[in-house]
Amino acid sequence: MMSPGRCAGLMLPLFSLRSQADWGIGEIDDLGRLARWLEGAGQRVVQLLPINELPAHETSPYSALSGMAIDPAFISLPGLRDFELLGGEGALERRWTESLAVLRASPRVDYRAVRAIKEHALRRAFARFDDIEMRGDTARAAAFRAFVARERWWIDAYALFRALHHEHGERPWTEWPAPLRDREPEALEAARVRLGAEIRYRLYLQWIADQQWRAARDAAGDVAIFGDLPFMVALDSADVWARQGEFRLDASLGVPPDAFSATGQDWNMPVYRWDVMERDRFEWLTSRARRNADLFDGYRVDHLVGFFRTFFREPDGASGFTPAEEHEQVALGEHVLRVFLASGATIVAEDLGVVPDFVRSAMTRLGVPGCKVFRWERHWDQPGHPFVDPAEYPVRSMATTGTHDTEPLVTWWRDAPAEERAAAVALPLVKARLGKDAAASPVVTGAIHAALLEAVYASRSELVIVPVQDVFGWADRINTPAVVDDVNWTWRLPWTVEQMSREPVAVEVASLLRDLATRHGR
């Protein structure tokens, strides 16, 4: 759990980090190095996007193969004992070293290439571990077995699923032979025997990831690692395969039509069967909360309103909410929030968009902070829709300039109507900082950028977390919703984490953030 009181930090996806020794994607070991820069900048939190394992074709961290497993793509190969004992990077064939050089230099994550080269190296490392350590019953083998025993509550089903997924060419479990698809006990037992080595490989990857993760958290020191608990996992996931009775597979999850979308959204994901989950005492959600609390100091609960009432569509076009009645929705949502709170981690609810009053009332009763996105906090019932002064935000909230789905601050400011920019400049702190030059120019000058950041840092909100793009004033996007292409979820920092302590722009921004954090008691 995070320490109470006012603090601030950055939102930065793990995949976006870059280091001198990375393999084309941000890696677990990079977190400790990033923490040194954050500490120098007076920041005490880094919020990551989900780090769960993704399928081979996927790049969105919200479409995972598992709600529990860390993606092996984040494992750091340098320093991995089994890999180094085989000669490390120097023992790679020429085609792999050439690929590695390209991946390191790339401004974006090439997931397919990253997964290919890491799979090659990790399988070599595992073969060495299985042959030497496991056969020799060494201390490392004992540590591996202890990890598997400790995590058995989730990892057994996951490892079997991943082994079967690999055996079937990474095809969805819904396309597997019926005995495996339907989890017939005899078929599963035969698979455990047949795929023993592959199962151990999947367990080994999670063991290595766990060791590196714990070391990175230690290296982060006083910088808290904040996570993100997605509302749902993909249909093709270990969780849904293992608990098929707890999900509607004949309907699709989404959101209804609203001011942002005339048709609503269809996420093509299974729908919770809340009645079945309740009979099972919400065991799976409790397990997810436990897992997130084990990995993170705190985490964001994605799409909170969906845990009160889940919108679904059926193949014939019919749609609705489950549960259907408001009193059932309130009871469900409050119970789920209590499950998350009981995990012991600090939680923040993503309560953006169309949110019924009863959801916000439940958050207040339970003391759960919501999100205050500066550009959307307006007095919508007043002429001109003036901005809510961040000095009036609730103390129990997280203030920010945007999310991983929004356009960056500089883009929003450039494209906003002149009257919207004028309304922002009219805020007392912003106007005071800009003085006689308080003009609503569409160009985000250094003064405007600093003033907008300070408005958020000065807010009453206990927690401030700002996307890294907005901290630096960059126009790069992490994600454009409803777009599937080779750009979304691939953005990387322009420098390595080692360079940030001496890169002039990063040094200047660190000084600004440190000043803001000090000035406003964060």
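The values are calculated or read from the model by the stated rules, or taken from the named source; none is laboratory data. Being a predicted model, the structure only gives us computed values, none of them experimental. Don't worry about glycine lacking a Cβ; one is built from the backbone with ideal geometry, like all the others, and counts go over all protein chains shown.
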Considering only the range 146-156, I want to know if a residue exists there that is among the acidic types (Asp, Glu), part of a loop (DSSP other than H, G, I, E, B), surrounded by 17 or more Cβ atoms within 10 Å (Cβ to Cβ) and modelled with pLDDT of 95 or more.
yes
Checked against (1) surrounded by fewer than 19 Cβ atoms within 10 Å (Cβ to Cβ); (2) in contact with a strand residue (DSSP E or B) (Cβ under 7 Å, 6 or more places away or on another chain); (3) within 16 Å of residue 510 (Cβ to Cβ); (4) not hydroxyl-bearing (Ser, Thr, Tyr), residue 40 satisfies every condition except (2)
Six or more apart or on different chains, Cβ under 8 Å: which pairs go from a residue in the range 112-141 that's in a helix (DSSP H, G or I) and of a type in the set (Lys, Arg) to one that's surrounded by fewer than 16 Cβ atoms within 10 Å (Cβ to Cβ) and at pLDDT below 95? Could you list them?
112/56; 115/56
Regarding the range 498-508, can at least one residue be identified that is without any contact (Cβ under 8 Å) to a residue 24 or more places away in the chain, closer than 30 Å to residue 112 by Cβ and not in a loop (DSSP other than H, G, I, E, B)?
yes
For the range 17-36 the number of residues that are surrounded by fewer than 23 Cβ atoms within 10 Å (Cβ to Cβ) and in a helix (DSSP H, G or I) is 3
For residue 269, the lone unmet condition from (1) in a loop (DSSP other than H, G, I, E, B); (2) at pLDDT 95 or above; (3) among the hydrophobic types (A, V, I, L, M, F, W, C) is (2)
Which one is nearest to residue 300 (Cα to Cα), of the residues in the range 203-229 that are among the aromatic types (Phe, Trp, Tyr) and assigned to a helix (DSSP H, G or I)?
213
Expected output for the range 58-85 (first residue of a type in the set (Val, Ile, Thr), partner assigned to a loop (DSSP other than H, G, I, E, B), Cβ below 6 Å, 6+ apart or cross-chain) is 59/489; 70/51
Checking residue 443 against (1) closer than 30 Å to residue 337 by Cα; (2) out of contact with any Cys (no Cβ under 9 Å at 6 or more places or on another chain); (3) surrounded by fewer than 20 Cβ atoms within 10 Å (Cβ to Cβ), which single condition isn't satisfied?
(1)
Just checking, does the range 45-62 include any residue being outside any helix (DSSP H, G or I), within 30 Å of residue 462 (Cβ to Cβ) and in contact with a Cys (Cβ under 9 Å, 6 or more places away or on another chain)?
yes
